[in-house]
Each structure stands twice: as C-alpha cells, then as structure tokens.
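Some notes on the structure that comes next.
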Amino acid sequence: MRSAAFSPDGTLIVTASEDQTVRIWNAETGKPVSTPWQLGKIVYSAAFSPDGRHIVTAVGDRTARVFDAASGVTESVLEGHNGDVFWAEFSPDGERIVTASEDETARVWHRPTLDAFAAACASLGTNTDLSDLARRYGLTELTPICGSHAPDKIDLAKLRN
C-alpha cells in the first residue's frame, strides 16, 4: 500500500497500491465497496476531490489520472512529467490539481472538463463492432462512435447566441 485518504464526508477510503490498483473501502466496516481499478503501473497516491465525486491518482507511467469516484471511469489523463508521478491532490476548491514527480518538478493543472464521448469510449474499450445491434434492429449500417469516428465536439457558446 502506498497511500490512503478519506473521502470528504469520512465514509470512504481510497487506497493506492504497488499492485497497480486503486481501491475504495467503507471506512466503518473496512470492506471494499467496488472492484479494484487496474491501472497497469504502480499507483503512488490517490485522493478524493473536495466534493467526493472524483479521485485523482499519481501513477508510475508519468501521469496523473482523474476518475469518476462512483463509476471508476477515467475522466482525464494529465501528461507532461518526465518521470513517475509520486503525488497528486486536488486544491481545496477542486478546480486545480497539484502533482509532484521524480523529475523533480511539481505542476499545477486546471482540472480538465469531462469529454463525455471520450469517457464513454474509455469504458467501452476498443471493441466498437456494432453488427449485433444492426442485425437486431434490421439496420444496414452502423458507424462506431469511438476512435476516429467520434462526433465533433459541440461549441456550447455558439449555441447560446
């Protein structure tokens, strides 16, 4: 185990581990509340956002990652360090993230906004074969939404005018 942190309301604990996982535990019973999230590299630290809805991790692949705390879906990956990221934490207002790395730098990041399609595709994986849906509904063609077929992002500012 590399780190442990309480959720803001004190009901949950998030842990980061050398076994390449993040786990969420019930703080009262000590029992897991979800399956472990496999990150593929050592996880040095994990912390909740101030509202408890997100978790940021420091990972041995030179990244920090932000997850939805309830679903475990990756919301964003912060890349730019030249060494493993050893620590990541949210600012008190939840709008920024600070990271510290073995490259002897600390960085402050503005928390990225969630790209809903990227999050959906991340949870679906790379299997975008929709032939079974096409057969079920009698459609002749369906185009996958992930990868290079993702829809264009909508500029909400233009819609408001």
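The values are calculated or read from the model by the stated rules, or taken from the named source; none is laboratory data. For clarity, every value in this text was computed on a predicted model and none was experimentally measured. No Cβ is skipped: glycine too gets one built from the backbone with ideal geometry, and neighbour counts run over all protein chains shown.
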Just one listed residue, out of LEU133, LEU142, is outside the structural domain of ALA47 (by TED's automatic domain parsing) and either outside any helix (DSSP H, G or I) or at pLDDT 95 or above (or both), and it is LEU142
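Can GLU95 be described as surrounded by 14 or more Cβ atoms within 10 Å (Cβ to Cβ) and closer than 14 Å to ARG111 by Cα?
On the way: surrounded by 14 or more Cβ atoms within 10 Å (Cβ to Cβ): no; closer than 14 Å to ARG111 by Cα: yes.
So GLU95 fails the test.
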Does any residue of the range 44-58 turn out to be touching a Gly at 6+ places or on another chain (Cβ under 7 Å) and of a type in the set (Ser, Thr, Tyr)?
-> yes
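From the residues in the range 98-126 that are in a loop (DSSP other than H, G, I, E, B) and surrounded by fewer than 12 Cβ atoms within 10 Å (Cβ to Cβ), which one is modelled with the lowest pLDDT?
Going through the range 98-126, the residues in a loop (DSSP other than H, G, I, E, B) turn out to be 102-105, 111-115, 125-126.
Now drop any that are not surrounded by fewer than 12 Cβ atoms within 10 Å (Cβ to Cβ), which leaves 104, 113, 125-126.
Details: GLU104: 94, THR113: 58, GLY125: 51, THR126: 48.
Out of the qualifying residues, it is THR126.
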Options THR29, THR57, THR63, THR21; residue that is under 18 Å from ARG96 (Cβ atoms) and free of Cβ contacts under 8 Å to residues at least 24 places away in the same chain | THR63
